[in-house]
Every structure is written in structure tokens, then in C-alpha cells.
1. Please go through the range 100-119 and give me each residue that is open to solvent by less than 10 Å² (accessible area, probe 1.4 Å) and modelled with pLDDT under 55, ordered by number.
2. Somewhere in the range 202-216, is a residue at pLDDT 90 or above and either in a helix (DSSP H, G or I) or among the charged types (D, E, K, R) (or both)?
3. Between a first residue in the range 52-63 that is under 12 Å from G74 (Cα atoms) and of a type in the set (S, T, N, Q) and a second residue that is at pLDDT 90 or above and surrounded by fewer than 22 Cβ atoms within 10 Å (Cβ to Cβ), which pairs have beta carbons less than 8 Å apart while being 6 or more apart in sequence or on different chains?
4. Please list, ordered by residue number, the strands (runs of 3 or more DSSP E) wholly in the range 235-335 having 2 or more residues that are touching a residue at least 12 places away in the same chain (Cβ under 8 Å), more than 18 Å from Y149 (Cβ to Cβ) and open to solvent by 10 Å² or more (accessible area, probe 1.4 Å).
5. Name the single residue that is surrounded by the most Cβ atoms within 10 Å (Cβ to Cβ) among those in the range 52-87 being over 23 Å from S39 (Cβ atoms) and of a type in the set (V, I, T).
6. For A198, which of the numbered conditions (1) open to solvent by 40 Å² or more (accessible area, probe 1.4 Å); (2) touching an Asp or Glu at 6+ places or on another chain (Cβ under 7 Å); (3) modelled with pLDDT of 90 or more fails to hold?
7. Just checking, does the range 269-281 include any residue being of a type outside the set (G, A, S), within 24 Å of R136 (Cβ to Cβ) and under 27 Å from the mean Cα position of the chain (by Cα)?
Amino acid sequence: MTRRPARSGSKQQARRVGSGRPGAGTVTKPLVLQFDDNSVLTLLFGEHDRNLVRIENDLGVTVHARGNQLTITGPRSAAGAARDALMNLYDRVKEGVPADQGEVDAIVRLAAAGQLEPGGGGGAIGAGGAVIQTRRRRVTPRTPTQAAYIEAMNTYELVFGLGPAGTGKTYLAVATAVALLQAGAVDRIILSRPAVEAGERLGFLPGDIREKVDPYLRPLYDALYDMLPGDQVVKRLASGDIEVAPLAFMRGRTLAHSFIILDEAQNTTRVQMKMCLTRLGEGSRMVVTGDLSQVDLPLGTRSGLTDALEALDGIDGVSMVRFTDQDMVRHPLVTRVVRAYEKAERRRDPGSAAATPAPAAATPAPAAATPAPAKDKAKAASPGKRVRARPRAAKPADGEGQGDAKK
């Protein structure tokens, strides 16, 4: 069990007492963390010490709180990860970042992967300190893959973000685009998405072209309003700093000094994907996001994203970041739902694979049908049916024809 900290008047920053970096084996001496600002500890622990309980459950350690001290016991590597997570959470809470469930989960994931600086500040979130600062929000990666994704978008000119829903592919791309726009690194943001319904036909949509494609681009708008004040979004949309470009109308354009986001790219055709990738102009960056498990194209149509991944693999200047269900940052139930679907698909695959030889077994059927003409002959010669035959002309006997001719 954990106990809530007692109040203390000391202002000294937290200091660590215990062994060094995490390693293998079991801790012979518990790790002790001592914090002097107990008002921060109250926020760090959370209501009913729920954050400490979460760290214990996720890392397999035991955390005891006594006054302004925390004692961590457990396997050496897990105890070291818990220490790094608590130190980083403490620094972040001091900077005003709330220690909510999402933040705690993010810090624990990164600590378990060894991508936290021990005792580092709130900016030391992942390798290289990948932090995105916008007008309304400070966005930090919540998984090691997200940290690699942010680093790739800041390094490469063309980045593919691939993986299941809820992993932050689109959200982080919009956050990076807004940060670069504010910093003056790009002149505009261009948002594009194929207008493909998810298994239903919406029919005719009223309004101008922007109003027609807005429903398809709503997730991008949601991320924009999360990064910028509402009036700024409206103003930048009106001035063209942020542009909604339907994929069908991008042919012939050269998009220079822009940050282009092509969302839901698994629903592009090969022609559309090639057309979009070749719009990249001088000083521009492009991020292509998609989930190949959710293709809504007509049956038998090959996804342009699949084609692009095969064609561009190993090309200089191109980065491909692949997310998994371990990177989901939505509700924990979403992770369980996706895993359940994947498990069900794996169960169906062996059955479908076992059924595939059936057509091969049926191939001799045409050969068995070849004697059919003989059957037809037998039917024709059977006494049950009368067959009318054309009478043959009898060959005249010798001299008959001549005698008739003389007559």
C-alpha cells in the first residue's frame, strides 16, 4: 500500500538516493527517492495514489510512500524505469503539466523502453527531447514510436506514418505542421484526404467544394483547433495559410514551401498516390498516414499506399514509421478492441488457407466431362427414342439406268 505524503516546508528540488542505471537481476537494496516539495507530490500521486498504483501495475514494482520519501522495490530494470518515470513526472508537474492518465502512461512506456533521461526536466520526454510547442498545446510523444515519428518529420522530407487507429499518426503530423508554420519554416499547411466513404454511400452533398469535402477532413480540423485558437484557424483558412486541397484537384500543382498532410492514404489508388507524391516542391515536407487494415476501396482495387511502400522502400529522403497496438493512446478499451479483431482475423486465416486447395481439387471436373459426346451417341442410338434419318438414294443396278433412258 502507498501513503500520501506529509506536508513539508522545504523548497529543495527532488534528489535521488539509491543505485545507478537499471540493469538485470533483482534489487538487493531498494531505491529511495526523496522529494521536498510535497505540494507537487500530492498532484504527482493523484487521487487515492492512482498514479503510483498504475506505475506499480505496469512495471511490476512496489512503491511505498512515507512522508516525502518513495521507496521502490522490484527487479533492477523495472525499479530503474519506475525511478526515471517518477523523476520525470515530478519535473513535469512542477512545470504545470497535469499528471493525468495519458501522461502517466506515456512516461511509463518511455521509461520501460529506456528513452527517458533520469532526473531530466519536463522536456526530456524521448530520445532527442522530441517536444512540439504550439499556441494552445505542448505536445509530447507518449510512446517510443511516436518520438521516432516526430524526429522523422523534422528530419526527412517524406514520411509515411503507418499503423492502426489511435496511435497519433494524424494528430502528431498536424502538431508538427502547426509548429513549423509558426516558426516560419513553411509558408502554409495543405491538408488532403481521399473522399471515400467507409462502407456507405452518402450521395449528393450540398454546398461549395470546401463544404463538400469538409466531412471527410473533420479529423484534421479537430487537430487544428486543438493546436490553434479558433479565430486563428478561421483567419488562416481564409488567408490560405491553411488550405484544404481535395486530392482529386491537386493534379498539375507544385506545392513549394508547404507542409502537406495526406491522411487516410490507404484509400488512394495507385494513380492518385503517384500524383500526390509528385506535387512536392522546393522547401516542402510531406507526411502520408494510413492504416492498411482499413481499406475502403472497391473490392479488387489495389491500394496506392501499398504500391508506394513497395516502390519507395530504401529511397533516400524517405522514412517509414510503423506503429503497432502498443502505441495506442486512446481509451484502453480501444487497444483491447483492436487486439481482439486481430486475434479473430488470425483465427480466420488458417480456415481460409485450408479452404484454398478446394478449387485445385475441382479442376479435374472438365476432364471427367469429356466423354459426354459418347453418352449423347448412346442416347441417340437408344431404342427409347425414334430418330428420323434422311433416306439415302439407292445406287442403280447395272443396266437399269440405261434401260430407263432408252425408254
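The values are calculated or read from the model by the stated rules, or taken from the named source; none is laboratory data. From a predicted model like this one, the values you see are computed outputs, not experimental measurements. Backbone-built Cβ (ideal geometry, glycine too); neighbour counts: all protein chains shown. Protein only, heavy atoms only, side chains kept; ligands, DNA and RNA dropped before computing areas. Shrake-Rupley method; radii C 1.70, N 1.55, O 1.52, S 1.80 Å.
1. Listed by number, the list is empty, since nothing qualifies.
2. No, the range 202-216 contains no residue that is at pLDDT 90 or above and either in a helix (DSSP H, G or I) or among the charged types (D, E, K, R) (or both).
3. What qualifies is T62/E56; T62/T73; T62/G74.
4. 242-244
5. V61
6. For A198, the failing item is (3).
7. No: the range 269-281 contains no residue that is of a type outside the set (G, A, S), within 24 Å of R136 (Cβ to Cβ) and under 27 Å from the mean Cα position of the chain (by Cα).
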